[in-house]
1. What is the Å³ per residue value for the convex hull set by the Cα atoms of segment 135-184?
2. Quick check: residue separation of Arg159 and Lys222 times 0.36 nm, minus the Cα distance between them. What number comes out in nm?
3. Work out, step by step, the length gained on full extension between Lys18 and Asn2: first 0.36 nm times the residue separation, then minus their alpha carbon distance; give nm to one decimal.
4. List the lysines whose Cα lies under 25 Å from the Cα of Lys201, skipping any in the same chain that are fewer than 8 positions away.
5. Let me have the relative contact order for segment 1-62, percent, based on Cα pairs under 8 Å that are six or more residues apart.
6. Could you work out the per residue convex hull volume over the alpha carbons of segment 1-58, in cubic angstrom?
7. How much length would be gained if the chain were fully extended between Glu191 and Glu241, taking 0.36 nm per residue of separation minus their Cα-Cα distance, in nm to one decimal?
8. At most 13 other Cβ atoms within 10 Å plus a DSSP loop assignment makes a site exposed; report the longest stretch of the chain without any exposed chymotrypsin sites (Phe, Trp or Tyr not before Pro).
Amino acid sequence: MNVLRTVAEFKAWRSSVKGSVGFVPTMGALHRGHEELLQRARAANDVCVLSIFVNPTQFNDPKDFEKYPITWDADVAMAKRNGVDAIFAPVKVDLYPDDYKYRLMEADFSALLDGAHRPGHFDGVLTVVMKLFQTVKPTRAYFGEKDFQQLRLIDGMVRAFFLDLEIVPVPTVREDDGLAMSSRNVRLSPEQRAIAPEIHKAITSAGSAADARTTLEKKGFKVDYVEDLQGRRFVAAFLGEVRLIDNVAL
Ligand code: AMP
């Protein structure tokens, strides 16, 4: 397995590769949700690429960025176990030679839900994903439905800019108690971890978004939003400093 650290190194490797390329972009701290994306990419393509980059431009909260978990050795082990051919793990200056003077934005759906609560978040996401696509040149790229708004926005970007690749959505992988797997879950205290599954329970069982919000607030969550939109119910809520998101089809 190759570990490539710069855009130039990656492009040199990429030019030697033949066949279809499946790509899984991540911020590392990999869990079974990421593993599902890797397995789909591995199964459907000749070559499988994983990127690991904690993208600073998509963090509106500097504390969240500083505390983002890093588990490099375990991530490499998971990549090897799943037949990844190359890990692209750049550093900020390499991916942002322009110092983020150039950026991509979407002017409609990105203003809702997480976009309304995390100013600039989706500009950072779309910009970094475009940079990754330009470097990796994937045939297919795999994104989780756990970040449903992100998935929709990236799919829209691919169509808006005529990018020659397919976005493959992957259903949310959950713990046995329903909690959506997330790299941030390791930051929950045992007490917080015990009530975290209420997020999924509330959005699947409440009759309305307003009822789900009330239930979560009673359990001690600080709710950013619970909203029904386009046939799905979306939630974002804090337990202490940890912000959790989830969504389900209605
Ligand atoms: P992240 O490293 O959190 O930015 O996520 C990288 C990719 O993994 C994104 O496409 C996420 O939507 C996806 N992902 C994260 N958690 C899950 C999960 N529990 N189930 C499925 N996909 C996930």
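Coordinate-derived values only; no laboratory data. Since we're looking at a predicted model, the values are computed, not measured. With ideal geometry, Cβ positions are generated from the backbone for all residues, glycine too; neighbour counts draw on all protein chains shown.
1. Expressed per residue, the convex hull around the Cα atoms of segment 135-184 is 92 Å³.
2. 19.1 nm
3. 4.2 nm
4. Lys146, Lys218, Lys219, Lys222
5. This gives 37 percent for segment 1-62.
6. Dividing the Cα hull volume of segment 1-58 by its residues yields 100 Å³.
7. Separation in residues times 0.36 nm, less the Cα-Cα distance, equals 16.7 nm.
8. Maximal segment without exposed cleavage sites: 1-101.
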